[in-house]
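Engineer: The structure follows.
The values are calculated or read from the model by the stated rules, or taken from the named source; none is laboratory data. Predicted model, so just to flag it, every value in this text is computed and none were measured. Cβ: placed from backbone, ideal geometry, glycine included. Neighbour counts: every protein chain shown.
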Amino acid sequence: MSDPANTPEKAEKISLPIIGEVSRRTVLKGIGATLGLGAFAAAIAPLTQFKDQTSLNEFLQQHYKELDDEDKKQIFARLEEEARENYGADVKIRDPKPIPGVRYGYAINLSLCNGNGKCAEACHRENNHDRAVNQSYIRIFEMPKGTSDMEQGSTTYDHAVPQPDKYYLPVQCFQCENPPCVEVCPVEATWQEADGIVVVDYNWCIGCRYCQAACPYHARRFNWRAPEIPAEEVNPDQGYLSNRIRPQGVVEKCHFCMHRTREGKLPACLEACPTGARIFGNLLDPNSEISWVLKNKRCFVLKEELGAKPTLYYFFN
C-alpha cells in the first residue's frame with residue numbers, strides 16, 4: 001500500500017487558540033459560566049467549524065478518564081446511532097481494559113518481510129480508515145541494504161516485490177516506554193495505558209498536532225476530513241479508544257488493535273502477514289514468543305539515541 005500525503009491538496013489550515021497548561025474543559029467551563037449557554041455556543045463556534053458533524057454535547061464531553069460506566073453507556077449508544085445515521089452500519093462499541101501483568105511488544109523479522117503490503121491493507125480495513133485517501137497506520141519502506149535511515153527509503157513503490165538489493169521496513173506506532181507525543185499534548189488527550197499502549201481520546205483532542213510533530217517515527221495521522229466508508233466495509237467490532245470511526249479534525253495512531261489484543265486475539269496486521277514476519281506478545285511473560293526473540297535474536301530499534309525506548313523491535317535471521 002502506498003503512503004499518500006497526510007495533507008489533501010485543498011486542505012484549509014486550522015487555527016486553534018493556544019490553551020497552554022490548563023485543560024480544554026477548564027477553559028470552556030470558565031467561558032460558559034461567564035457568558036451563559038447561548039453566548040457560550042457562539043463563542044466556541046470558531047473552534048468547532050472544522051468539525052461540522054460535532055454537536056455541542058460531544059465537544060464538551062468529559063475526558064475519558066473522568067467518565068463513569070453510565071457516561072460511557074450513553075456515549076457509546078450515541079456513537080452507535082451516529083454510525084447508523086452517517087454510514088448505514090450497525091456497530092458495537094466496547095471499552096476493553098488492560099490485562100493485568102501484560103505489557104505488549106512487537107517484533108518484525110526483516111528477513112521474512114517482502115514488502116507485499118498485506119499488513120497495511122489489513123490495518124486499513126480493521127481500523128475504519130477513510131477509503132478515499134487509502135490510509136493506514138502502517139507504512140512500509142523499501143530500503144537500500146546496509147542502512148536503517150528511513151530518509152533513504154521509499155513508501156511509494158508500485159513495482160513487484162521483493163526487489164534485489166532491497167529490504168522492507170514496516171513502520172507504525174512504536175508504543176514507546178517514554179513517548180514524546182504524550183509529553184507535548186497541551187490538553188492530555190493522549191496517554192500511555194498500563195499495558196504500554198499509547199491511546200488518544202478522540203473527543204478530547206483539539207487537533208493542534210503537537211503530538212504528530214513530536215513523534216520521531218511519523219506514526220500519527222491527522223484526520224483532515226470525515227472518513228468515507230461504504231456501509232458494507234465498516235468494521236462493526238469497535239473499541240472506543242481504538243478503531244471506532246474517528247471524527248474530522250483529530251489525530252489518530254496505531255493502538256496495537258487493542259479492541260482485539262485485550263480480548264486474546266492477535267493484531268489484524270499480524271494475521272494478514274503471509275510470510276510470518278510479525279511476532280506479537282507479552283514482554284512480561286518469559287515464555288512468550290516475543291520474549292524468546294528478544295533473548296535469542298540480535299534485535300534493534302530505530303532511532304535508539306533519542307531515548308523514547310520503543311517496544312517495536314526488528315531483527316534479521
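Engineer: Considering segment 259-287 alone, what residues qualify as being among the polar types (S, T, N, Q) and buried (at least 18 other Cβ atoms within 10 Å of the Cβ)? If you could, list the steps in order and put the result at the bottom.
Structural biologist: Initial filter on segment 259-287 (among the polar types (S, T, N, Q)): 261, 275, 282, 287.
Residues satisfying the conditions are Thr261, Asn282.
Engineer: Right, here's the next one. So which residues in segment 283-297 are over 25 Å from His218 (Cα atoms) and not β-branched (Val, Ile, Thr)?
Structural biologist: Leu284, Asp285, Pro286, Asn287, Ser288, Glu289, Ser291, Trp292, Lys295, Asn296, Lys297
Engineer: Tell me which of these Ala41 doesn't satisfy, since it passes every other one: (1) modelled with pLDDT of 95 or more; (2) surrounded by fewer than 18 Cβ atoms within 10 Å (Cβ to Cβ); (3) not assigned by TED's automatic domain parsing to the domain that holds Asn203.
Structural biologist: (1)
Engineer: Count, please, the residues in segment 164-185 that happen to be surrounded by fewer than 17 Cβ atoms within 10 Å (Cβ to Cβ) and more than 21 Å from Leu302 (Cβ to Cβ).
Structural biologist: 1
Engineer: Could you tell me whether any residue of segment 125-144 is under 27 Å from Gln248 (Cβ atoms), in a helix (DSSP H, G or I) and touching a residue at least 60 places away in the same chain (Cβ under 8 Å)?
Structural biologist: Yes.
Engineer: Turning to a different aspect of this structure: Of the residues Leu266, Leu294, which single one is among the aliphatic types (A, V, I, L, M) and farther than 29 Å from Arg131 by Cβ?
Structural biologist: Leu294 is the lone residue from the list that is among the aliphatic types (A, V, I, L, M) and farther than 29 Å from Arg131 by Cβ.
Engineer: Take Glu188 and tell me if it is free of Cβ contacts under 8 Å to residues at least 24 places away in the same chain and assigned by TED's automatic domain parsing to the domain that holds Pro216.
Structural biologist: Spelling it out, it is not the case that Glu188 is free of Cβ contacts under 8 Å to residues at least 24 places away in the same chain and assigned by TED's automatic domain parsing to the domain that holds Pro216.
Residues are listed down the side, and each one gets a yes or a no for (1) among the hydroxyl-bearing types (Ser, Thr, Tyr); (2) at pLDDT 95 or above; (3) not in a loop (DSSP other than H, G, I, E, B):
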residue	(1), (2), (3)
Gln62	no, no, no
Lys72	no, yes, yes
Leu79	no, yes, yes
Ile93	no, yes, yes
Lys97	no, yes, no
Pro100	no, yes, no
Ala107	no, yes, yes
Ser111	yes, yes, no
Asn116	no, yes, no
